[in-house]
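Below is one structure, written out as C-alpha cells; comments come after it.
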Amino acid sequence: MRKLLKKLRKQRGAALVEYGLLVALIAVGAITAISGTGDAVDQGFTAVCNELNESDDVDVTCED
C-alpha cells in the first residue's frame, strides 16, 4: 500500500511540472502572436495616417 501511495505522489509532482511547462509554452506562443499582430496593426495605422496627410482636406499629426 505504501508503494502505491509513494508512486501516486511522484506522478502528481510530474503532472504538475508538465502542466507548468504547458502553461509556459502557451504563454510564449501568445506573446509571440500578439507582438507580431501589434506590429502589423501599427504599420496599418501609420499607412492610413500618411495617406490622410497627403490629402489636402485633412491635417493629421502622426505619432510614432
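The values are calculated or read from the model by the stated rules, or taken from the named source; none is laboratory data. Fair warning: this is a prediction, and the values are worked out from it, not measured in the lab. Cβ sites come from the backbone with ideal geometry, for glycine too, and all protein chains shown count toward neighbours.
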Fill in the blank from the handout: From the option list Ala24, Ala15, single residue qualifying as at pLDDT below 90 and among the small types (Gly, Ala, Ser) is Ala15
Practice task
Could you please tell me which pairs satisfy a Cβ distance under 8 Å, a separation of 6+ or placement on different chains, a first residue in region 37-64 that is surrounded by 11 or more Cβ atoms within 10 Å (Cβ to Cβ), and a second residue that is among the hydrophobic types (A, V, I, L, M, F, W, C) and at pLDDT 80 or above?
Solution key: Val60/Cys49; Val60/Leu52; Cys62/Cys49
